[in-house]
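Notes for the one structure printed next.
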Amino acid sequence: MAAAAAALRQPWTTLCTIMAADTSNPSYRACSLCDRPLPDSPSSSPCPLCIRHSSAAGSHRLFRLLISIATSDKVLIVICFDRATRAIFGGSADEFFDLCELHPDAVWMAGEMMVGEICRVTLRRPTNGNAEHLRAVSLVPLRAEFRPVIARLRSLYRAPSH
């Protein structure tokens, strides 16, 4: 019984197609030292835990993207955090946020660009008992012609790269 429970906690890899992406809130602010989530207001104070230890406790953005994927036998809703999302976006959440500040429809366009992408995804069950979605540990696009979302958006809007 314990072996079966342990097997359920192990990550597994499968092929999938991205069916939809919820780009309504694709990133969040986090402490640049400990990566704890911070309020989204840029004028909010720095991380209360890290400011005691360092006056340089700033913030940066990290990806948190909800996607719907289809595998060979089911459709799943999966949450992709920063490391997994960077593979398909090709840059940081700060870069994407800055691009979207200049071009507000880029958020919607990014979601459209991901739909239909065939990927190899490694999934795991959430370790937090309150979490409801599977976690994408890794998300690797498989098309030879694949271009990251940020690069495609920059060429669409003719925006300079960082």
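Bear in mind these aren't lab numbers, they're just calculated from the coordinates by the rules spelled out. Keep in mind that what you see is a predicted model, and the values were worked out from it rather than measured. Here the Cβ is made from the backbone with ideal geometry for all residues, glycine too, and neighbour counts use every protein chain on show.
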Report task. Only Lys, Arg, Asp and Glu count, each charged at its Cβ (+1, +1, -1, -1), so figure out the dipole size of the chain about its Cα centre, rounded to 20 debye. Result -> 500
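At 0.36 nm per residue, and after removing the present C-alpha to C-alpha distance, how many nm does the segment from Thr17 to Leu49 gain when stretched out fully?
7.5 nm
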Report summary line: Cys80 neighbourhood, Cβ < 10 Å, K/R = +1, D/E = -1, net charge +3
Report summary line: Summing -39500 (n - 2.57) over every DSSP H run of at least 4 residues in the chain and dividing by its residue count gives a helix-only mean residue ellipticity at 222 nm, to the nearest 500 deg cm²/dmol, of -7500 deg cm²/dmol
Report summary line: GNM on the chain, Cα springs under 10 Å; top mean-square fluctuation among Asp105, Asp40, Asp73 goes to Asp73
Report summary line: With the charge dipole of the chain built from beta-carbon charges (+1 for Lys and Arg, -1 for Asp and Glu) about the Cα centre, the Cα from Pro104, Cys16, Gly129 projecting farthest to the positive end belongs to Gly129
**Report entry** Within the chain, percent of DSSP bridges classed antiparallel, to nearest 5
**Finding:** 90
**Report entry** Compactness relative to 2.2 N^0.38 Å, alpha carbon Rg of the chain
**Finding:** 1.14
**Report entry** Theoretical gain in end-to-end length, Glu145 to Thr127 [0.36 nm per residue, Cα-Cα removed]
**Finding:** 3.0 nm
Query raised in the report: For the chain, what relative contact order do you get, as a whole percent, if you take Cα pairs closer than 8 Å and at least 6 residues apart?
Result: 27
